[in-house]
Amino acid sequence: MTGITVRVPAKVNLQLTVGPPRADGYHDLVTVFHAVSLFDQVTVEPAARDGVTVTGEGADRVPGDRDNLALRAVTALRTEVRARGPGKVHVTIAKRIPVAAGLAGGSADAAAALLAANELWATGLSQQRLREVGATVGSDVAFALLGGTAVGRGRGEQLTPALAPPTQYHWVLAFADGQLSTPAVYAALDRLRGQGQGQAGYGGTGSPPVSGGGLGGVVPPEATLDAALMSALRSGDAARVGQRLNNDLQPAAVSLFPALRKTLAAGLELGALGALVAGSGPTCVFLAANAERALELAVSLSGAGVCRSVARVSGPVPGAAVVSTG
Ligand code: C5P
C-alpha cells in the first residue's frame with residue numbers, strides 16, 4: 001500500500017455557549033457542531049521519516065514541523081498502538097479550509113491524518129477510541145471525525161449526534177482579511193465578562209450584531225443546550241434555525257476584529273435568515289433559505305466589499321472519510 005487519502009470537512013457552531021474558565025485553562029462548552037462542505041484533503045504514506053507538506057489556502061501559515069496538528073495526531077496514534085510498532089509517514093495536506101478562521105481547519109487535518117494512519121496501519125481501533133485519541137490533539141478533532149450535526153460538551157470533545165431530518169442547509173461563508181487566535185478570543189471573552197459585557201450574540205432578527213456592552217452579561221453558571229435551536233433543527237425549518245444561531249464568542253471576536261460588525265450587518269441586510277461568527281472567528285456565517293438565495297447572497301456580499309472572499313457551502317456533511325487507497 002502506498003498511501004491513504006482522506007477528505008475532511010470544516011465546521012461551524014450553530015450554538016456555542018461558553019462556561020467559566022476551568023483550572024486547566026479550557027472552558028466548558030455546550031455547542032452544536034455542524035459539518036459543512038468545505039474540505040481539506042490529507043494523504044498519509046509510508047516514509048523514511050515523519051514529515052509534512054502543506055499546499056493550498058494559507059499553507060504558508062501552517063507549521064511544517066512537529067507542531068503541525070496532523071503530525072501530532074499521527075504521533076498520538078503511534079503511542080496508542082505502540083505494541084505493533086507502526087512505521088514513519090509523510091503527511092500531505094491540501095488546504096481549502098482557511099487557517100485560524102474559526103472553521104477548525106487544523107483539527108480537521110488532525111482528524112484526517114488520524115483516520116488515514118489508522119487505516120494504513122490497520123490498527124483495528126474503534127471509532128470511539130479514535131475520537132478519544134483525537135481529542136488529546138485538539139478540542140474539535142473528535143467532531144471532524146464524526147461529522148453531521150452533533151452536540152458537543154466538555155471542551156467540545158464529548159459528542160452526541162443530533163437527531164434531525166435529512167435537511168440540507170445552505171450557508172454562505174465570508175472569509176475575513178486576517179486571522180484570530182482562539183486562545184486570544186477566549187481570553188477576550190473572559191475580560192468582557194469581567195467587565196459585565198460579553199453577553200451572547202444574536203440570531204437573524206435585524207438587531208445590532210453584537211451586544212454593545214452594559215447588558216450586565218454574566219458568566220452562565222452552567223452552559224445549557226438551546227432547546228429552541230434543537231426543536232428548529234428537528235423541524236428542518238431554516239428560518240427557525242436562523243433565528244436561534246448563537247455564539248458566545250462573537251462579542252469577543254468582534255472586539256478584536258471590529259470590521260466583522262459590518263460584515264454581519266451586511267449579510268442580514270442582504271436577506272440572510274441568520275448570521276454569526278464561526279467559532280472563534282473571524283469567518284462570518286450566513287444561513288440562506290435555499291441554494292438560489294445562497295448564490296444571490298454570496299454574489300451581493302462579495303460585491304459589498306465587506307470580506308476577503310466568500311464560499312457557498314451546505315451542511316450537514318459526513319465527517320472524515322477515506323477517498324482513495326493506493
Ligand atoms: O483544543 P484546541 O487546541 O483546539 O484549543 C485551542 C485553545 O482554545 C485552547 O488552548 C484554549 O485556550 C481555547 N479553548 C478553550 N476552551 C475550549 C476549547 C478551546 O478555552 N473548550
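The values are calculated or read from the model by the stated rules, or taken from the named source; none is laboratory data. The model shown is predicted, which means the values in this text are computed figures rather than measured ones. When we count neighbours, we look across all protein chains shown, and the Cβ atoms used for this are built from the backbone with ideal geometry, even at glycine.
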remark   = Over the range 100-129, the set of residues surrounded by fewer than 18 Cβ atoms within 10 Å (Cβ to Cβ) and under 30 Å from Gln15 (Cα atoms) is Ser126, Gln127, Gln128, Arg129
remark   = With criteria (1) touching a strand residue (DSSP E or B) at 6+ places or on another chain (Cβ under 9 Å); (2) more than 21 Å from Leu14 (Cβ to Cβ); (3) surrounded by fewer than 21 Cβ atoms within 10 Å (Cβ to Cβ), Ala265 comes up short on (2)
request  = Write out, first by first residue and then by second, each pair whose Cβ atoms fall under 8 Å of each other, whose residues are 6+ apart or on separate chains, and whose first residue, in the range 285-304, is within 12 Å of Gly267 (Cβ to Cβ) while the second is at pLDDT 95 or above and of a type in the set (Phe, Trp, Tyr).
outcome  = Val285/Trp171; Phe286/Trp171; Leu287/Tyr169; Leu287/Trp171; Ala288/Trp171; Ala294/Trp171; Leu297/Phe286; Leu301/Phe286
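Within the range 125-147, can you find the residues that are within 10 Å of the ligand (Cβ to nearest atom) and assigned to a loop (DSSP other than H, G, I, E, B)? Full working, then the answer.
Filtering the range 125-147 down to residues within 10 Å of the ligand (Cβ to nearest atom) leaves 135-141.
Of everything in the range 125-147, those that are within 10 Å of the ligand (Cβ to nearest atom) and assigned to a loop (DSSP other than H, G, I, E, B) turn out to be Thr136, Val137, Gly138, Ser139, Asp140.
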remark   = In the range 11-31, residues that are part of a strand (DSSP E or B) and within 14 Å of the ligand (Cβ to nearest atom) total 14
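Considering only the range 199-278, give the helices (runs of 4 or more DSSP H) lying wholly within it that have at least 3 residues that are modelled with pLDDT of 95 or more and within 25 Å of Arg155 (Cα to Cα).
Values: elements: 227-235, 238-244, 250-256, 259-269.
Filter on the range 199-278 gives 227-235, 238-244, 250-256.
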query = Say we look at the range 148-196 and pick out the residues that are on the phi > 0 side of the Ramachandran plot and within 14 Å of the ligand (Cβ to nearest atom); which of these is surrounded by the most Cβ atoms within 10 Å (Cβ to Cβ)?
reply = Gly156
key: Ala35 of a type in the set (Gly, Ala, Ser) and under 26 Å from Leu14 (Cβ atoms)   = yes
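Any idea which residue in the range 157-177 is farthest from Leu225 (Cα to Cα), counting only those that are hydrophobic (A, V, I, L, M, F, W, C) and outside any strand (DSSP E or B)? Give the derivation first.
Here is the first cut: in the range 157-177, the ones hydrophobic (A, V, I, L, M, F, W, C) are 159, 162-164, 171-176.
If we keep only those that are outside any strand (DSSP E or B) too, we end up with 162-164, 176.
Details: Ala162: 12, Leu163: 14, Ala164: 15, Ala176: 29 Å.
Filtering first and then ranking leaves Ala176.
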inquiry  = Going residue by residue through the range 114-124, is there one that turns out to be part of a loop (DSSP other than H, G, I, E, B), touching a helix residue (DSSP H, G or I) at 6+ places or on another chain (Cβ under 6 Å) and over 25 Å from Leu225 (Cα atoms)?
reply    = no
